[in-house]
Amino acid sequence: MLEYRENFCQMLRMARTAVNQSQQEVANVLGVNRATYTYYELGRTTPDLDTLKCLLQLFHLTPEDIFYPEKYLGKNSFKKGA
């Protein structure tokens, strides 16, 4: 489970940077404060289902990306340095 959480957090960071959004900008869209979104990326808390739906749309993710973040990371490994 720890590996999934780490992959999920890394996927969120990569997806956010891929759409050129700051943590604050994403938090504003989600209707949460920046610290809450930051905790999603750090793995300290997990987004609820409605928030996940918003993240799917905002970051152009598929449900598969959410359930299998390691696949997203593999598909986008060329962006890891971004």
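The values are calculated or read from the model by the stated rules, or taken from the named source; none is laboratory data. If you're wondering where the values come from, they're calculated on a predicted model, not measured in any experiment. In this analysis, Cβ positions are derived from the backbone assuming ideal geometry, glycine residues included, and neighbour counts consider all displayed protein chains.
Summary table below
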| item | result |
| --- | --- |
| Any hit, the stretch 31-40, residues being among the basic types (Lys, Arg) and at pLDDT below 95 | no |
| Extreme residue, farthest from residue 30 (Cα to Cα), among residues of the stretch 42-69 that are of a type in the set (Val, Ile, Thr) and modelled with pLDDT of 90 or more | 62 |
| Output for the stretch 36-71, where each listed residue is surrounded by 13 or more Cβ atoms within 10 Å (Cβ to Cβ) and farther than 17 Å from residue 5 by Cβ | 53, 54, 56, 58, 59 |
| The stretch 1-28: number of residues that are closer than 19 Å to residue 65 by Cα and either of a type in the set (Phe, Trp, Tyr) or outside any loop (DSSP other than H, G, I, E, B) (or both) | 18 |
| Members of the stretch 8-20 found to be surrounded by fewer than 17 Cβ atoms within 10 Å (Cβ to Cβ) and more than 12 Å from residue 55 (Cα to Cα), listed by number | 17, 18, 20 |
| Residues that are without any contact (Cβ under 8 Å) to a residue 12 or more places away in the chain and on the phi < 0 side of the Ramachandran plot, drawn from the stretch 29-45 | 33, 34, 35, 36, 39, 44, 45 |
| Residues that are closer than 18 Å to residue 45 by Cβ, under 11 Å from the mean Cα position of the chain (by Cα) and among the hydrophobic types (A, V, I, L, M, F, W, C), drawn from the stretch 1-22 | 8, 9, 11, 12, 15 |
| Meets criteria (in a helix (DSSP H, G or I) and either at pLDDT 95 or above or in contact with a Phe, Trp or Tyr (Cβ under 6 Å, 6 or more places away or on another chain) (or both)) for residue 72 | no |
